[in-house]
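Trainee: One structure is given below, represented as structure tokens, and several questions about it will come after.
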Amino acid sequence: MNAPIGVIDSGVGGLTVVRELRKYLPNEPIIYIGDDARCPYGPRTAEEVLQFTLEMVSSLAEMGVKMLVIACNTATAVALDKVQSLFSFPVIGVIQPGARAAVKASSTGEVAVLGTLGTVNSRAYDQALQQLTPEAVVHSLACPEFVPIVESGEYRSAAARTIVDRTLQPLHASSFDTVILGCTHFPLLQEHIEEHFHGQKHIISSAVETVIDVDRILREQQIESSAAQLPVFYTTGSVEKFRSIVADWLSIPFPDVRSITFK
Ligand code: DGL
């Protein structure tokens, strides 16, 4: 079935999931919506995040997607159940896969979760981790400066490194062997985060584990594609800025990036 997989995020963060989708499932067409104009979702109310998510998913439903990845932890925490109940195609989020990957990686059961304010306040990772390992110890930290620096395109800069070092300081009082990047924007800062911890922690991005779920669902439902195609990206924000981040992060020199508006 050569219909596309829909991927959504508040901005460019879901590209970290697209990168893994393209690597492991290169024949799958992808349509992506990034709501950059209304990013960040992290500090917004649950009602707003739900409404914006439903707007993106409705557009993708009209475009004929065969399944959907909510490649945004904040939206997964708030909207996954609702979206699953409203649409007939399979829908997955990124929190369960991230928690599963962390449990596999950790030998102490002590995990740090870096996320947006919305994700941390939702305690969605605490619940997901404790469901998998009831004795799991979770140290959560909201990192509100990370998403804006990634959206600005300055994620490789020295300023980004300084923000990462300053933000992660409070975790030094806690013990853990695994760090979940509980926001899909954060893998763009992964080098800085790894350096901050001197390469001593397992750093988990949910992207790879999410693609394992996508692969399983496509096979179970027998809806795999056979024709390789370049992804199509829609953004509510600056097409130029989005294009340059896609070109850099996904190594697609002239990506197809289009504008979309809601309301
Ligand atoms: N990338 C998103 C996440 O995974 C949201 C970031 C934001 O908009 O605050 O949580």
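The values are calculated or read from the model by the stated rules, or taken from the named source; none is laboratory data. Everything numeric here is computed off the predicted structure, so don't read it as measured data. Counting neighbours? That spans all protein chains shown, and the Cβs are built from the backbone with ideal geometry, glycine included. For the accessible areas, the whole protein counts, side chains as well, though only heavy atoms, and no ligand, DNA or RNA atoms are used. Shrake-Rupley method; radii C 1.70, N 1.55, O 1.52, S 1.80 Å.
Trainee: Please compute the net charge surrounding Pro29, taking Lys and Arg as +1 and Asp and Glu as -1 over other residues with Cβ under 13 Å from its Cβ.
Mentor: -1
Trainee: Simple spin-label model, 7 Å along Cα-to-Cβ: Ile212 to Glu145 in nm?
Mentor: 3.4 nm
Trainee: Mind checking the full-extension length gain between Leu132 and Asn27? Use 0.36 nm per residue of separation minus the Cα-Cα distance, one decimal, nm.
Mentor: 34.6 nm
Trainee: Helix 46-62 sits at what angle to the longest principal axis of the chain, using alpha carbons and giving 0 to 90 degrees rounded to 10?
Mentor: Roughly 30 degrees between the two axes.
Trainee: Tell me the net charge near Glu48. Cut-off is 12 Å between Cβ atoms, Glu48 excluded, with +1 for each Lys or Arg and -1 for each Asp or Glu.
Mentor: That works out to -1.
Trainee: Here's something else I'd like to know. For Ala46 and Ser226, what is the calculated FRET efficiency with R₀ set at 41 Å and r taken between the beta-carbons, to the nearest 0.05?
Mentor: Between Ala46 and Ser226 the formula returns 0.55.
Trainee: Further question: Averaged per residue, what accessible area in Å² does the chain show with a 1.4 Å probe, protein chains only?
Mentor: Values: 11160 Å² over 263 residues.
About 42 Å² of surface per residue is accessible.
Trainee: Continuing with this model, one more query. With each run of n ≥ 4 DSSP H residues scored as -39500 (n - 2.57), what mean residue ellipticity at 222 nm is computed for the chain after dividing by its residue count and rounding to the nearest 500 deg cm²/dmol?
Mentor: -13500 deg cm²/dmol
Trainee: I would also like to ask the following. Roughly how many whole Å is it from the C-alpha centroid of region 235-253 to that of region 108-164?
Mentor: So the separation of the two Cα centres works out to 24 Å.
Trainee: Shifting gears a bit: Which order do the peptides 147-154, 61-68 come out in when sorted by mean C-beta neighbours inside 10 angstrom, highest first?
Mentor: Result, highest mean Cβ count within 10 Å first: 147-154, 61-68.
Trainee: Oh, and also: Can you work out the FRET efficiency for the pair Phe254 and Thr162, with r the C-beta to C-beta distance and R0 = 35 Å, to the nearest 0.05?
Mentor: Given R0 = 35 Å and the Cβ-Cβ separation, E is 0.60.
Trainee: Full extension from Ser152 to Glu195: what is 0.36 nm times the residue separation minus their Cα-Cα distance, to one decimal in nm?
Mentor: Numbers: separation 43, 0.36 × 43 = 15.48 nm, distance 2.13 nm.
Result for the pair: 13.3 nm of gain on full extension.
Trainee: Subtract the Cα-Cα distance of Asp81 and Ser174 from 0.36 nm times their separation in residues, and report this length gain in nm to one decimal.
Mentor: On the way: separation 93, 0.36 × 93 = 33.48 nm, distance 3.24 nm.
Length difference between fully extended and current span is 30.2 nm.
Trainee: Output the 0 to 90 degree angle, nearest 10, between the alpha-carbon long axis of helix 239-250 and the longest principal axis computed from the alpha carbons of the chain.
Mentor: That helix lies at roughly 70 degrees to the long axis.
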